[in-house]
Amino acid sequence: MRKALRWLLALTVLIGTLSTAGAATAAEPEPTDIKDRLLSVPGMSLVQEKPYPGYRYFVLNYTQPVDHRHPSAGTFQQRITVLHKDVSRPTVFYTGGYNVSTTPSRREPTQIVDGNQVSMEYRYFTPSRPAPADWSKLDIWQAASDQHRIFTALKKIYAGNWISTGGSKGGMTATYYERFYPRDMDGVVAYVAPNDVVNDEDSAYDRFFASVGTKECRDRLNAVQREALVRREPLEKKYEAYAAENGYTFTTIGGLDRAYEAVVLDYVWGFWQYSLLSDCDTIPANAATATDDEIWTSVDTISGFSFYTDQGLEPYTPYYYQAGTQLGAPTIHFPHIEKKYIRYGYQPPRNFVPRDISMRFQPRAMRDVDTWVKHHAHHMLFVYGQNDPWGAERFRLGKGAEDSYVFTAPGLNHGANVAGLTADEKALATARILEWAGVSSTAVARAKPLAAFDTKLDVRDVEREPALRP
């Protein structure tokens with residue numbers, strides 16, 4: 001009986017061994033082509049591959065849960081892109097905080113480290129929007145969790161160091177991601193990231209506009225802004241004709257008059273956000289004697305009369321929803337304009353979101369992030385522009401921060417970057433990015449970008465959205 005049992009046990013082990021060997025023989029070999037490796041990630045699908053010299057570039061969809069706390073409650077397709085250099089190179093994780101471009105481009109840290117770049121479209125920006133859309137699932141933790149899942153999936157392919165980055169709302173996004181998942185990234189480079197800790201206290205912006213640039217430039221801008229409200233009646237007739245010609249409507253904001261004032265009140269902010277002091281020469285020198293067309297053209301060029309239409313606001317609904325629920329939004333005053341000319345003032349985000357979407361502000365969200373950065377920032381670099389209004393309320397470091405920095409680029413606007421820093425700060429920032437990326441000590445010591453500048457690939461333009469959108 002014992003012999004029979006031993007024989008049966010041996011036979012079972014043998015069969016199991018043969019089965020395992022057979023399974024190993026029959027198993028598919030691990031894919032080697034990068035496209036195949038990306039598509040072997042569960043939930044990943046290819047939209048398009050586009051050629052670019054020296055790289056492979058993919059537009060992809062990745063299946064994400066609508067609610068990361070309850071993954072079984074539904075999914076949506078999130079668009080990402082991958083600019084592939086080599087799996088042995090560092091990887092930069094970029095998001096602008098809005099839609100993702102499907103044209104190959106390389107952010108500044110990607111050029112510095114000569115690496116790969118993964119770019120993510122922020123949830124709820126079309127087409128990365130669940131249907132139907134449960135807007136309560138659009139918050140900074142859910143978005144950070146989107147990034148965490150993408151990183152976890154792709155880290156198996158890109159095993160080197162990772163650095164997250166983004167400009168404006170993307171810089172905010174990179175910061176929030178670090179706050180909720182501090183073990184994912186080896187470094188963070190956040191450009192021109194606003195930090196509205198107390199939503200109802202915005203005096204920093206008023207102080208900024210009282211001193212930015214030169215008095216001559218400020219006076220020119222203020223005069224045009226005021227004159228646009230003084231001439232409200234004739235210019236609104238022009239606006240009405242412009243809207244009719246283009247099929248624009250004003251349901252969300254509540255009428256053409258509200259939209260007109262919102263565009264005009266964006267004017268000074270928009271100039272400093274996107275222009276340089278040298279651009280003041282383009283502003284009418286004497287607003288009182290300028291023609292209606294000159295006032296209209298100046299305001300339209302800087303603020304954009306199409307923006308506060310339903311058609312202009314709709315793509316930014318996710319941003320305004322977040323501004324009115326967690327991010328906060330600035331309110332400034334206009335001491336150079338008599339009160340009789342201002343009917344609404346800076347309007348709250350609630351006015352820019354369709355009324356069938358409910359909103360409730362959460363004052364603790366930004367305070368939590370701000371406190372965390374002050375006490376726990378590690379390998380974080382913040383870059384601001386001296387003349388950028390959004391830098392009036394910025395991230396600041398406390399005693400708990402380690403190997404982290406806040407730099408300001410002289411004279412620059414919302415497009416400030418490492419290249420625009422003073423020589424010493426530029427060298428330090430570049431060296432820290434290279435160190436965090438895990439490249440050779442020789443490269444770190446040189447403190448120079450590892451990849452040559454590419455005029456098509458290396459985007460250095462301002463993160464362009466209409467004024468009052470970071």
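The values are calculated or read from the model by the stated rules, or taken from the named source; none is laboratory data. Only a predicted model underlies this, so the values are computations on that prediction, with no experimental measurement involved. Heads up, the Cβs are rebuilt from the backbone with ideal geometry, glycines too, and the neighbour counts pull from every protein chain shown. Side chains included, ligands, DNA and RNA excluded: accessible areas come from the protein's heavy atoms. Shrake-Rupley method; radii C 1.70, N 1.55, O 1.52, S 1.80 Å.
Listing for the model above:
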item	result
Which numbered condition residue 226 fails, given (1) part of a helix (DSSP H, G or I); (2) under 20 Å from residue 343 (Cβ atoms); (3) open to solvent by less than 50 Å² (accessible area, probe 1.4 Å)	(3)
Filtered residue count, the stretch 332-360, keeping only those that are over 26 Å from the mean Cα position of the chain (by Cα) and outside any loop (DSSP other than H, G, I, E, B)	3
From the options 434, 428, residue that is among the aliphatic types (A, V, I, L, M), buried (at least 21 other Cβ atoms within 10 Å of the Cβ) and at pLDDT 95 or above	434
Unmet criterion (only one of (1) on the phi > 0 side of the Ramachandran plot; (2) within 25 Å of the chain's Cα centre (by Cα); (3) open to solvent by 40 Å² or more (accessible area, probe 1.4 Å)) for residue 192	(3)
Residue match in the stretch 169-184 (condition: touching a strand residue (DSSP E or B) at 6+ places or on another chain (Cβ under 6 Å), over 19 Å from residue 84 (Cα atoms) and surrounded by fewer than 23 Cβ atoms within 10 Å (Cβ to Cβ))	no
Breaking point among (1) more than 29 Å from residue 279 (Cα to Cα); (2) touching a residue at least 12 places away in the same chain (Cβ under 8 Å), for residue 330	(1)
Matching residues in the stretch 55-102 - criterion: being among the small types (Gly, Ala, Ser) and over 20 Å from residue 142 (Cα atoms)	88, 101
Scan of the stretch 38-77 for residues that are under 17 Å from residue 151 (Cα atoms), in a strand (DSSP E or B) and either open to solvent by less than 70 Å² (accessible area, probe 1.4 Å) or in contact with a Gly (Cβ under 6 Å, 6 or more places away or on another chain) (or both), ordered by number	44, 45, 58, 59, 60, 61, 62, 63, 64, 65
Residue in the stretch 230-283 that is surrounded by the fewest Cβ atoms within 10 Å (Cβ to Cβ), counting only those that are farther than 17 Å from residue 351 by Cβ and among the polar types (S, T, N, Q)	278
In the stretch 143-175, the residues that are assigned to a loop (DSSP other than H, G, I, E, B) and under 24 Å from residue 432 (Cα atoms)	155, 158, 159, 160, 161, 168
Residue selected from the stretch 117-168 under the condition more than 17 Å from the chain's Cα centre (by Cα) and among the aliphatic types (A, V, I, L, M), by the criterion surrounded by the most Cβ atoms within 10 Å (Cβ to Cβ)	154
So residue 335, is it open to solvent by 40 Å² or more (accessible area, probe 1.4 Å) and in contact with a Ser or Thr (Cβ under 7 Å, 6 or more places away or on another chain)	no
Residues that are in contact (Cβ under 8 Å) with a residue 12 or more places away in the chain, among the hydroxyl-bearing types (Ser, Thr, Tyr) and within 17 Å of residue 332 (Cα to Cα), drawn from the stretch 205-246	205
Residue in the stretch 367-415 that is least open to solvent (accessible area, probe 1.4 Å), counting only those that are assigned to a loop (DSSP other than H, G, I, E, B) and small (Gly, Ala, Ser)	377
